[in-house]
Amino acid sequence: MSQATFEKIDFASQAQTIEQILKRAALRELLIHKRLGNPIALGAGEKVTVVPPEEIVLYLDEGERELPEYLHNLVLQYPDYWNDAIVFANLGMKINRCEASGMLGEAVINQCRVGWEVFNSIQCLVGYDYSLNAMILCRNLFELVIGTIFLIDNPGKLNDFIDYGKVIGYEVAEQTGAEEEYLEAFKQKADYDRLKRHFGQNKWHGKTIKRLADSAGLNQLYHSFYKEASSIAHVDSFVTLGYKRGKWGFSKDVRAWSNYGDTALVFSFMSMAILYHKTVHSLELPLLKDIHAVMGRLAERGLIVPPTGSASPPPDPKKR
């Protein structure tokens, strides 16, 4: 039996590479804290300073503040992107760390946190030119937004919203081979049999996506952006089908898919603005100045009809 041999590693010669790896790991943790709206604690000697999430600085080297690579790419591709990102990040991080009163408020804030995660994932995909996948996530984001608006407008559905999560939890555990003892305990705690009869084949809201969109006043987005994103998600021929030189055919120019990057950014910004607008006003969060900055930015870009008067009505998306 041969004896294992190990290659000697010269850590001194790789010190710079190791340092960069550790810095990037630290940067990732800072990004996670900033994204979740959590502060960090910095210590120097016996002194500890708590830094709020909006003041967390992201950099790799002293004296050089470096954006995450995907954000750097977005700024290069879309020179005006930074003006959008600043107002959204400022509001998003504040909502993420809100302590809502009551179960309804807690559920809505948690939906906003999930929306923020999906929203940032869309930005990341566009930054790396995976625009088709960004559009697919836009579909998920839109469904989250209209579902959350329905929950806000129909607080009596809160128990169904919570109970439906129990049903999904049990069914996932069952299909992934959880132990029988665990499943039986889960079934009893979740009251699965009763809830399954209650919901039948319906989801917690009992609506189609179109009806949810109609209820939220977002019929226009449903028939434009959402229809396009759904076609991509379902892998329809729409993505590559075109009419050229008098006949239908399939395009092989994948570079054309990059054009969906702009669509995904616009759709995601509008969707999050609508969600945040509804959340801030319905839960009476002390963030009116921040939501006005977001809506003002979208109005400045011509993406929504600017509100009139002193009241702040729901945003009215403009046609593309």
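The values are calculated or read from the model by the stated rules, or taken from the named source; none is laboratory data. Computed from a predicted model, the values in this text were never measured in an experiment. Cβ sites come from the backbone with ideal geometry, for glycine too, and all protein chains shown count toward neighbours.
The listed residues are LEU158, LEU183, and the only one of them that is part of a helix (DSSP H, G or I) and either in contact (Cβ under 8 Å) with a residue 40 or more places away in the chain or out of contact with any helix residue (DSSP H, G or I) (no Cβ under 8 Å at 6 or more places or on another chain) (or both) turns out to be LEU158. Checking each residue in region 92-117 for being within 9 Å of the chain's Cα centre (by Cα) and surrounded by 19 or more Cβ atoms within 10 Å (Cβ to Cβ) picks out CYS112, GLY115, TRP116.
Filtering SER271, SER230 for residues that are touching a Leu at 6+ places or on another chain (Cβ under 9 Å) and surrounded by 13 or more Cβ atoms within 10 Å (Cβ to Cβ) leaves a single hit, SER271. For LEU144, state whether it is touching a Gly at 6+ places or on another chain (Cβ under 9 Å), assigned to a helix (DSSP H, G or I) and over 28 Å from GLN20 (Cα atoms). Considered against the rule, which asks whether it is touching a Gly at 6+ places or on another chain (Cβ under 9 Å), assigned to a helix (DSSP H, G or I) and over 28 Å from GLN20 (Cα atoms), LEU144 comes out as yes.
Evaluating LEU22 against the criteria (1) at pLDDT 75 or above; (2) of a type outside the set (Ser, Thr, Tyr); (3) surrounded by 11 or more Cβ atoms within 10 Å (Cβ to Cβ) leaves one unmet condition, (3). Filter region 89-132 down to the residues that are assigned to a helix (DSSP H, G or I), under 17 Å from HIS281 (Cβ atoms) and of a type outside the set (Gly, Ala, Ser) and list them by number. Correct list: LEU91, LYS94, ILE95, LEU104, VAL108, ILE109, GLN111, CYS112. I'd like to check something: does region 256-268 contain any residue that is of a type outside the set (Asp, Glu), farther than 24 Å from MET295 by Cα and surrounded by fewer than 14 Cβ atoms within 10 Å (Cβ to Cβ)? Yes, some residue in region 256-268 is of a type outside the set (Asp, Glu), farther than 24 Å from MET295 by Cα and surrounded by fewer than 14 Cβ atoms within 10 Å (Cβ to Cβ).
Restricting LYS189, LYS207 to residues that are in contact with a helix residue (DSSP H, G or I) (Cβ under 9 Å, 6 or more places away or on another chain) and exposed (fewer than 15 other Cβ atoms within 10 Å of the Cβ) narrows the list to LYS189. Of all the listed residues (ARG297, ARG320), the sole one being loosely packed, with under 15 Cβ neighbours inside 10 Å and modelled with pLDDT under 95 is ARG320. Can you find, within region 249-300, the residue that is farthest from SER121 (Cα to Cα) among those that are without any contact (Cβ under 8 Å) to a residue 40 or more places away in the chain, part of a helix (DSSP H, G or I) and among the basic types (Lys, Arg)? Among residues in region 249-300 that are without any contact (Cβ under 8 Å) to a residue 40 or more places away in the chain, part of a helix (DSSP H, G or I) and among the basic types (Lys, Arg), the one farthest from SER121 (Cα to Cα) is LYS289.
Do we have any residue at all in region 200-208 that's outside any helix (DSSP H, G or I), at pLDDT 95 or above and either among the hydrophobic types (A, V, I, L, M, F, W, C) or under 30 Å from GLN77 (Cβ atoms) (or both)? Among the residues of region 200-208, at least one is outside any helix (DSSP H, G or I), at pLDDT 95 or above and either among the hydrophobic types (A, V, I, L, M, F, W, C) or under 30 Å from GLN77 (Cβ atoms) (or both), which makes the answer yes.
Scanning region 161-180 for residues that are β-branched (Val, Ile, Thr), under 27 Å from LYS207 (Cβ atoms) and out of contact with any helix residue (DSSP H, G or I) (no Cβ under 9 Å at 6 or more places or on another chain) returns ILE168, VAL172.
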